[in-house]
Amino acid sequence: MKIGGTTTQAILFDLDGTLIDSAPDLGAAADKMRTDRGLASYPLERYRPLAGAGARGMLGVAFDITPDAPEFDALREEFYVAYERRMLLNTLVFDGVTPLIEALRERGFRWGVVTNKSARFTDPLTAAMPLFATAGAIVSGDTTPFSKPHPEPLHEAARRLGVASEACIYVGDDERDIIAGRAAGMRTVAATYGYMGSDADSTLWRADASISSPLELLKLLNNA
């Protein structure tokens, strides 16, 4: 399947689970909250599928708690502080992402990031990782008044890149990414190597294409 074309000018990506593997640090932050309370440690494999859901996902695993619980807000802030202290210890770029970005740039594509992660974390994280030095736009969950699945963050990224939203492709590992991309008029790609929970079925997301590794995106763009 081909998704590129002469009108494609930019590629936008989700962050966690699409470009970077942050699950080790997200999971460790939540797990430390467990062990600080005398609870048994959980393995990373238990946290990984829900890493894309951020604090909601990590606290749900660690304490079987939902956002409507009265103690959730306090636990969330505790989690944020714990994550800030270690968010660059074990977070890595997924294999294949760096050569993918290099290849996209060689072809003349602009690129950027649209994440629901708040700028409190996105800014220091992307500033510290060399991969993002060439990104033309980094839009966080609180950059605009809306977060995904609303399309406005994707429109904002397109504006920052100086291209029309319709000239962008959006790549993400969560259904909300595909919903947002479609609503923004972008072609969409599901990254199935990311943090998809066991119940997720990306074939139901109505993405234009899917990839099981980052470099597969180049094959989809072979007519661009």
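So which of Asp142, Asp177 ends up being modelled with pLDDT of 95 or more, in a loop (DSSP other than H, G, I, E, B) and of a type in the set (Asp, Glu)? Full working, then the answer.
Details: Asp177 fails: in a loop (DSSP other than H, G, I, E, B).
Going through Asp142, Asp177 in turn, just one is modelled with pLDDT of 95 or more, in a loop (DSSP other than H, G, I, E, B) and of a type in the set (Asp, Glu): Asp142.
Pairs, please: C-beta under 9 Å, at least 6 apart or cross-chain, first residue over 14 Å from Lys148 (Cα atoms) and in contact (Cβ under 8 Å) with a residue 40 or more places away in the chain and in segment 111-123, second of a type in the set (Val, Ile, Thr) and surrounded by fewer than 22 Cβ atoms within 10 Å (Cβ to Cβ)?
Every condition considered, the pairs that remain are Trp111/Ile101; Trp111/Thr134; Gly112/Ile138; Thr122/Ile138; Thr122/Thr143.
Taking the stated definitions as given, is Val97 at pLDDT 95 or above, surrounded by fewer than 21 Cβ atoms within 10 Å (Cβ to Cβ), within 16 Å of the chain's Cα centre (by Cα) and not hydroxyl-bearing (Ser, Thr, Tyr)?
Working: at pLDDT 95 or above: yes; surrounded by fewer than 21 Cβ atoms within 10 Å (Cβ to Cβ): yes; within 16 Å of the chain's Cα centre (by Cα): yes; not hydroxyl-bearing (Ser, Thr, Tyr): yes.
When the stated conditions are applied, Val97 passes them.
Looking only at segment 96-114, which residues are farther than 21 Å from Asp173 by Cβ and assigned to a strand (DSSP E or B)?
Passing the criteria: only Arg110.
For the condition of a type in the set (Ser, Thr, Tyr) and buried (at least 16 other Cβ atoms within 10 Å of the Cβ), what is the one hit in Thr134, Thr143, Thr203? Don't jump to the end; show me each part of the working.
Working: Thr134 fails: buried (at least 16 other Cβ atoms within 10 Å of the Cβ); Thr203 fails: buried (at least 16 other Cβ atoms within 10 Å of the Cβ).
From the options Thr134, Thr143, Thr203, the qualifying one is Thr143.
Anything in segment 147-173 that is in a loop (DSSP other than H, G, I, E, B) and in contact with a Lys or Arg (Cβ under 8 Å, 6 or more places away or on another chain)? List them, or say none. Write out each step before concluding.
Start the filter on segment 147-173 by keeping residues that are in a loop (DSSP other than H, G, I, E, B), which leaves 147-151, 162-164, 173.
Lys148, Pro149, Gly162, Val163 - these are the residues of segment 147-173 that are in a loop (DSSP other than H, G, I, E, B) and in contact with a Lys or Arg (Cβ under 8 Å, 6 or more places away or on another chain).
Residues in segment 81-94 that are out of contact with any helix residue (DSSP H, G or I) (no Cβ under 7 Å at 6 or more places or on another chain) and either buried (at least 17 other Cβ atoms within 10 Å of the Cβ) or within 20 Å of Gly172 (Cβ to Cβ) (or both): how many?
So the count comes out to 2.
Specify which of the listed residues (Thr126, Thr115, Thr144, Thr188) is closer than 18 Å to Gly57 by Cβ, among the β-branched types (Val, Ile, Thr) and in contact with a helix residue (DSSP H, G or I) (Cβ under 8 Å, 6 or more places away or on another chain).
Values: Thr126 fails: closer than 18 Å to Gly57 by Cβ; Thr144 fails: closer than 18 Å to Gly57 by Cβ; Thr188 fails: closer than 18 Å to Gly57 by Cβ.
It is Thr115.
Among Glu166, Glu156, which is the only one that is surrounded by 16 or more Cβ atoms within 10 Å (Cβ to Cβ), touching a Ser or Thr at 6+ places or on another chain (Cβ under 8 Å) and on the phi < 0 side of the Ramachandran plot? Before the answer, list the steps.
Values: Glu166 fails: surrounded by 16 or more Cβ atoms within 10 Å (Cβ to Cβ).
Residue meeting the stated conditions: Glu156.
Determine whether Gly52 is touching a residue at least 24 places away in the same chain (Cβ under 8 Å), at positive phi and in contact with a Gly (Cβ under 8 Å, 6 or more places away or on another chain). Steps first, answer last, please.
On the way: touching a residue at least 24 places away in the same chain (Cβ under 8 Å): yes; at positive phi: no; in contact with a Gly (Cβ under 8 Å, 6 or more places away or on another chain): yes.
No: the conditions fail for Gly52.
Of the residues Leu220, Leu154, Leu161, Leu215, which is touching a Cys at 6+ places or on another chain (Cβ under 8 Å) and closer than 20 Å to Ala103 by Cα? Talk me through it step by step, then tell me what you get.
Working: Leu220 fails: touching a Cys at 6+ places or on another chain (Cβ under 8 Å); Leu154 fails: closer than 20 Å to Ala103 by Cα; Leu215 fails: touching a Cys at 6+ places or on another chain (Cβ under 8 Å).
Exactly one residue qualifies, and that residue is Leu161.
Can you tell me which residue among Ala191, Ala183 is in contact with a Pro (Cβ under 6 Å, 6 or more places away or on another chain), among the small types (Gly, Ala, Ser) and more than 15 Å from Ala10 (Cβ to Cβ)?
Values: Ala191 fails: in contact with a Pro (Cβ under 6 Å, 6 or more places away or on another chain).
Of the residues listed, the single one that is in contact with a Pro (Cβ under 6 Å, 6 or more places away or on another chain), among the small types (Gly, Ala, Ser) and more than 15 Å from Ala10 (Cβ to Cβ) is Ala183.
Which residue pairs have Cβ atoms under 8 Å apart, sit 6 or more places apart or on different chains, and have a first residue in segment 11-32 that is without any contact (Cβ under 8 Å) to a residue 40 or more places away in the chain and a second that is surrounded by 23 or more Cβ atoms within 10 Å (Cβ to Cβ)?
Pairs that qualify, where the first residue is without any contact (Cβ under 8 Å) to a residue 40 or more places away in the chain and the partner is surrounded by 23 or more Cβ atoms within 10 Å (Cβ to Cβ), are Gly27/Tyr47; Gly27/Ala51; Gly27/Met58; Asp31/Tyr47; Asp31/Ala62.
The values are calculated or read from the model by the stated rules, or taken from the named source; none is laboratory data. Note that the structure is a prediction, hence the values are computed from the model and not measured. Backbone-built Cβ (ideal geometry, glycine too); neighbour counts: all protein chains shown.
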